[in-house]
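Structure first, commentary second.
Each value in this text was obtained by applying a stated rule to the coordinates, not by laboratory testing. Note that the structure is a prediction, hence the values are computed from the model and not measured. Glycine gets a Cβ as well: all are built from the backbone with ideal geometry, and neighbour counts include every protein chain shown.
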């Protein structure tokens, strides 16, 4: 549910109140357009976007980048709802899989006749279950990232509608989307302190990227495509 009362109140704000809040944020033309487009497709995702902007604008909050990154990460994860694409791998978490493996290991240690550090008696059912669970985990790990990439491709293609991008451009777009998502994940988890300019640059990329897909304009699209290609070629 909600982490605190402030969060509960935020998610109980009506659409009219959300529009009123957004109108007070001095949004740029691009931000205002993206908010309007998102609100027309998903009220929940529009809330995440406004939440990111509110957090980012609060210069007195030392945690503003972390809070804004959390909202941006959530927005990028939930954008599949707008695309109406079923995702599974993108909703799976390494931590959950490790926790499952840890539970099995603890059960093995408690119930198996084999005891470390020697482990010098024949295997028994608890050991076999643990080994099977370990094998299952590493098979999942080997297949997880490729599946995530395929699901991102499906989401971005759905956002494009009938337009099908060139294969090389599509690869660059997927790479950049995953890179920006990882940036926000790391900041949200306090794995590093971002430079302000870098944070705003990553937010701007996601904003422009979504606008080019959800509210395409011919010349704006060309500019967005050029920017993505140039950034990809520069790496």
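Shape of the range 112-211 from its Cα gyration tensor (a ≥ b ≥ c, root eigenvalues): rounded if a/c is under 1.5, otherwise prolate when a/b > b/c, or oblate?
Since a/c reaches 1.5 but b/c is at least a/b, the shape of the range 112-211 is classed as oblate.
Please arrange 115, 78, 180 by counting, for each residue, the other beta carbons lying within 10 Å of its beta carbon, fewest first.
Neighbour counts put them in this order, fewest first: 115, 78, 180.
What is the gain in length, in nm to one decimal, between residue 158 and residue 134 on full extension, counting 0.36 nm per residue of separation less the C-alpha to C-alpha distance?
5.1 nm
Would you list 37, 206, 13 from fewest to most Cβ contacts within 10 Å?
Ranking 37, 206, 13 by Cβ neighbours within 10 Å, fewest first, gives 13, 37, 206.
Given points 7 Å out from each Cα along the Cα-Cβ axis, report the residue 100 to residue 36 separation in nanometres with one decimal.
Between residue 100 and residue 36, the simple spin-label model gives 4.5 nm.
Calculate the FRET efficiency for residue 93 and residue 61 from the Cβ-Cβ distance with a Förster distance of 25 Å, rounded to the nearest 0.05.
Computed FRET efficiency for residue 93 and residue 61: 0.40.
Could you give the distance between the Cα centres of the range 103-133 and the range 173-201, to the whole Å?
Each part's Cα centre sits 41 Å from the other's.
How many percent of all Cα-Cα pairs in the range 15-133 sit more than 23 Å apart?
54
Please arrange 25, 56, 164 by counting, for each residue, the other beta carbons lying within 10 Å of its beta carbon, fewest first.
164, 25, 56
What length, rounded to one decimal in nm, is gained on full extension from residue 44 through to residue 15, with 0.36 nm per residue of separation minus their alpha-carbon distance?
That works out to 9.4 nm of additional length.
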